[in-house]
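The next block holds one structure in the form of structure tokens; read it before the comments.
Computed from the coordinates by the stated procedures, all read-outs in this text should not be read as laboratory data. All values derive from a computational prediction rather than experimental measurement. FYI the Cβ positions are ideal-geometry reconstructions off the backbone, even for glycines, and counts take in every protein chain you see.
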Amino acid sequence: MRLGGTAAAAVAAVLVLAGCGNGGSDGDAGRGGTVTVEAANGTVVVPAHPRRIVSLAPTHTETLFAIGAGAQVVAVDDQSTFPAEAPRTALSGFTPNAEAVIGYEPDLVVVSDDQAGIVKALQKVKVPILVEPAAKDIEEAYDQIADLGAATGRADRARDLIAGMRTAIDGAVRSAPRTATPLTYFHELDPQLHTVTSGTFIGKVYGAFGLRNIADAADRAGTGYPRLSEESLLQADPALVLLADAQCCGQSAAVVAQRPGWRDLRAVRDGTVVALEADVASRWGPRLPEFYRAVGAAVAQAAQKVPAGG
């Protein structure tokens, strides 16, 4: 899942036969046979324990390693930067080259979109390929982890991972303070003030903490990713500003404070401009608890600035 392409993200419900991605078990390792997975590109039959997996999606790369299938992965795309031991290559997930992928002799390929006709090209040579698009909410993220667990013979590890994520995320949300009046926020995708609405995956994360999004009214096109005007942002005066462009674009609390009019923003005055780790905020897989904890910490910081009874 790549944040730059999230405006176009649309997900079909992803389920594994025999129970929401939980078919198969870790005991399949070393056995023959196949596993059937119902993915966004239809019914896919894969080896019960594939040994040459290629991942062309950073989120799914992280999941494969988190469920213990890392040793089965022979190549990942150029954007898969985590974990460090992932076998990163020049393969592109944005414009995948089927011939280059086939060169790794995969028995399973995982992608987030059917870019450049990759699905048809691999089907022609009978290489199983799973299309797992960007999740629309946390339950779809869990389903995709279960899918990969079933497809790799790591269903038990996937179930354990999901259970741990649920516990950590629930804990982060429950421990965050609530204010009488919902705190407002602005999530910055880039210095041009592109942002997210409440209906996006990211917006739903903030919604779990009871936050109110200042950008919802600006999304007249209904994309979920509008661009705010400087005037509207300054007028909304959010209690929290969360920067997802710190790594890509060098943004920070000090930098945004130098923008015209920003020094008078409530978030700048209160010190509640928070730089997020971009990959954690944009890859909706095993590291989601880190994102929730970061939001919870920001909420706690902003709540301290609210007057009593506010």
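With contacts taken as Cα pairs under 8 Å and at least 6 residues apart, region 20-157 reaches a relative contact order of 35 percent. Backbone amide hydrogens, once placed in the peptide plane, bring residue 239 within less than 5 Å of 184, 185, excluding anything fewer than 5 places away on its chain.
Below 8 Å between Cα atoms, with a sequence gap of 6+, how large is the relative contact order for the chain in percent? Display every interim value, and only then the final one.
Numbers: 626 pairs, mean separation 56.6, N = 310.
Relative contact order here is 18 percent.
Less than 14 Å Cβ to Cβ from residue 165, Lys/Arg counted +1 and Asp/Glu -1: what total charge do the surrounding residues give? Net charge in that neighbourhood comes out at -2. Rounded, prolate or oblate: which one fits region 111-169, using the alpha carbon gyration tensor with axes a ≥ b ≥ c (rounded when a/c is under 1.5, else prolate when a/b beats b/c, else oblate)? Since a/c reaches 1.5 but b/c is at least a/b, the shape of region 111-169 is classed as oblate. Residues in region 84-93 carry Karplus couplings, in order, of 4, 7, 4, x, 5, 9, 8, 4, 9, x Hz; the curve used is 6.51 cos²θ - 1.76 cosθ + 1.60 with θ = phi - 60°, and Gly or Pro positions show x.
Take the Cα radius of gyration of region 103-252 and divide it by 2.2 N^0.38 Å, N being the number of residues; the result is 1.32. Under 11 Å from the Cβ of residue 76, count the other residues' Cβ atoms, weight Lys and Arg +1, Asp and Glu -1, and hand me the total. Net of charged neighbours comes to -3. Angle of helix 155-175 to the longest C-alpha principal axis of the chain, folded into 0 to 90 degrees and rounded to 10: 10°. Charge tally for residue 261 (other residues, Cβ to Cβ under 12 Å; Lys, Arg +1; Asp, Glu -1): -2.
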